[in-house]
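Only one structure is covered here, and it is reproduced in the block below.
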Amino acid sequence: MDKEIEDFIKYHKLEEHELYDAKNQYIKVVISEMKAQNRYFAYNTNTCMRGHHFRDIKGDCIMCRTSNISFIRRLYAPGLIYITGSKLKQMIKVGFTTMSIDGRVKRLNF
């Protein structure tokens, strides 16, 4: 792993259990292995158009689009989908939370 990737991992607080070393593997094999091992980000991949070697489980370069880090984490995070509403404001909200439903209700009411 080169210094640029190490710095990127530290800066974006990527955890070891999220990472997969894709050295000398085809991207289709990498993505299949990542899904099997519940890992979201692969380093030492084939290069993107800008020369980066770091992709997410969808095959996109996360160095070009760092926003994909949070998108991927949310996509695979265990959690709850909820529907709540207010008769007074005549409003309905559909949302997703990784916290307990009681904690989310308290935050919504606040």
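The values are calculated or read from the model by the stated rules, or taken from the named source; none is laboratory data. Nothing here was measured: the structure is a model prediction, and the numbers come from that model. Glycine gets a Cβ as well: all are built from the backbone with ideal geometry, and neighbour counts include every protein chain shown. The protein model used for the area step is the full one, side chains on, heavy atoms only, and it has no ligands, DNA or RNA in it. Shrake-Rupley method; radii C 1.70, N 1.55, O 1.52, S 1.80 Å.
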request  = Could you list all residues from segment 23-45 that are of a type outside the set (Lys, Arg) and without any contact (Cβ under 8 Å) to a residue 24 or more places away in the chain?
outcome  = Asn24, Gln25, Tyr26, Val29, Ser32, Glu33, Met34, Ala36, Gln37, Ala42, Thr45
request  = Look through segment 20-43, keep the residues that are surrounded by fewer than 17 Cβ atoms within 10 Å (Cβ to Cβ) and in contact with a Lys or Arg (Cβ under 9 Å, 6 or more places away or on another chain), and return whichever of them is nearest to Asp2 (Cα to Cα).
outcome  = Ile27
key: Residue pairs meeting the criteria (Cβ under 7 Å; at least 6 apart or on separate chains; first on the phi < 0 side of the Ramachandran plot, in segment 1-22; second open to solvent by 100 Å² or more (accessible area, probe 1.4 Å))   = none
Among (1) within 25 Å of Lys10 (Cβ to Cβ); (2) open to solvent by less than 40 Å² (accessible area, probe 1.4 Å); (3) at pLDDT below 90 - the single one Gly103 does not satisfy = (1)
query = Just wondering, is there one or more residues in segment 45-66 that are surrounded by 12 or more Cβ atoms within 10 Å (Cβ to Cβ) and assigned to a helix (DSSP H, G or I)?
reply = no
request  = Return the total of residues in segment 2-14 being open to solvent by less than 100 Å² (accessible area, probe 1.4 Å) and more than 14 Å from Ile62 (Cα to Cα).
outcome  = 1
